[in-house]
Amino acid sequence: MNGVEAQVIPLHAPGRDKPGADTTDTSRGRSADDARRVDAPVVAFPGAAPNVEEAADLPATVGRLLEFLHQRLTGDYTVDEFGFDPELTEVLLLPALRVLYRKWFRVDTSGVEHLPLDGGGLVVCNHSGVLPLDSVMTAVAVHDEHPRHRYLRMLGADLLFRIPFAGALARKSGQTLACHPDAERLLRAGELVGVWPEGFKGVGKPFSSRYKLQRFGRGGFVSAALRTETPIIPCAIVGAEEIYPKIGDIRPLARLLGLPYFPVTPFFPLLGPLGMIPLPTKWHIEFGPPIRTDELDPAQAEEDPMLVFNLTDQVRESIQQMLYRRLAQRRNIFH
């Protein structure tokens, strides 16, 4: 990069919105977040939002992509304190993920009105699917379906950040380590934060246990929401359980590779790389009514373990009931 580094902007640098601030750009009728992205390159892709499809043609797309590459080479771009690169996310990552979201999994999203328009919020989701595709699909849902196209700042396991390429890419896409300090800092900065408290117990559970929520740990996410007085939004994801039906686990190989599990599916490892193609199941992502925490004393997060336990159980039960309701309405896994 010729020794040039990207600029690092703090979460609350001048010009960046703070929680609760008015984010409406009245002169153009859109959010300030959208206004800040107006000069970012945009790539046309199948299934894009109508305004992108209609406005972008091939020469303009190529020109924007070349401009993006030039900025990468010169270091003329910004990242925040966590390493989040919104321009790279908009130009390269989201278009690729939208192909899965709209064409492969054909995701239907509901309850977006329960996500806060601005300010902090903690989105708590069920986890499944052997590979955590459900997390990135939820991030696409939040960005594309939210009226202000907000980013979901996901909390990931430490294993992700130990993988050389995947860890760096996760940072650039806005993810950070699932720990209390990072979660609380993002929430206080007015970000939407996503957490999957089942962890590997959820994403790696056998097919026979599909849609049965695993233990939610010790309720650390509830403590973070209480201390920052931000709402908790339960989120239920139907469809991800069947993309890789896990029927076995080669544990000695998993230990050798340092993995929490080494899955066996009807197609993997029997078919090799072809077995890693996810089944094109039909997905539905539902955001439930928020659970408010601003009416509670933040000090109770430390002093009252039963409050944390009860709130954790309330969130878990809300997600489980949404899953049961959606499953009862589903005709089969592909429709």
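Bear in mind these aren't lab numbers, they're just calculated from the coordinates by the rules spelled out. Note that the coordinates shown come from a computational prediction; the quantities given were computed from them, not determined experimentally. Ideal geometry is used to build each Cβ from the backbone, glycine not excepted, and the neighbour counts take in all protein chains shown.
Taking a ≥ b ≥ c as the square roots of the eigenvalues of the Cα gyration tensor, segment 140-230 is rounded, since a/c falls below 1.5. Taking a ≥ b ≥ c as the square roots of the eigenvalues of the alpha-carbon gyration tensor, segment 256-298 is classed oblate because a/c is 1.5 or more while a/b is no larger than b/c. Each residue of segment 182-196 is assigned a 3J(HN,Hα), and the resulting list reads 5, 4, 5, 5, 5, 5, 5, 7, x, 8, 7, 10, x, 9, 10 Hz, derived from the Karplus form 6.51 cos²θ - 1.76 cosθ + 1.60 (θ = phi - 60°), x at Gly and Pro. With a Förster radius of 41 Å, plug the Cβ-Cβ distance of M306 and S110 into 1/(1 + (r/R0)^6) and report the FRET value to the nearest 0.05. Taking R0 as 41 Å, the efficiency between M306 and S110 is 0.80. Between D313 and A328, the contour length at 0.36 nm per residue exceeds the alpha carbon distance by 3.2 nm. Whole-Hz Karplus values for segment 266-283 come out as x, 10, 10, x, 4, 9, x, x, 4, x, 8, 6, x, 5, x, 6, 8, 10 Hz, taken residue by residue from phi with 6.51 cos²θ - 1.76 cosθ + 1.60 and θ = phi - 60°; glycine and proline positions read x. Treating r as the C-beta distance of D76 and R162 and R0 as 30 Å, the FRET efficiency rounds to 0.50.
Annotation: amide H of D249 within the under-5 Å range of V264, sequence separation 5 or more or interchain, hydrogens built in the peptide plane. The overall shape of segment 235-335, judged from the alpha-carbon gyration tensor, is oblate: a/c is not under 1.5, and a/b is no greater than b/c.
In a reduced charge model with +1 at each Lys and Arg Cβ and -1 at each Asp and Glu Cβ, segment 229-301 shows a dipole moment near 580 debye about its Cα centre. For R153, nonlocal amide neighbours, meaning residues 5 or more places apart or on other chains whose placed amide H falls under 5 Å from its own, are L192, V193, G194.
Farthest toward the positive end of the dipole of segment 177-335, out of F309, A189, L279, is the Cα of L279, where the dipole comes from beta carbon charges about the Cα centre. Neighbours of R330 by Cβ distance under 14 Å: Lys/Arg scored +1, Asp/Glu scored -1, total +2.
Each Lys and Arg contributes +1 and each Asp and Glu -1, all at the Cβ; summed about the Cα centre of segment 155-249, the dipole is approximately 160 debye. Computed from the Cβ-Cβ distance with R0 of 30 Å, the FRET efficiency linking L65 to S208 stands at 0.05. Ranked by the mean number of other Cβ atoms within 10 Å of their residues, highest first, the peptides 252-262, 227-237 come out as 227-237, 252-262. Using a cut-off of 23 Å between Cα atoms, the listed pairs K212/K246; K103/K205; K205/K282 include K103/K205 as exceeding that distance. Cα centroid separation, segment 288-335 to segment 168-182: 23 Å.
Taking a straight line from the alpha carbon of K172, not one of the lysines sits under 16 Å away once near neighbours fewer than eight places off in the same chain are left out.
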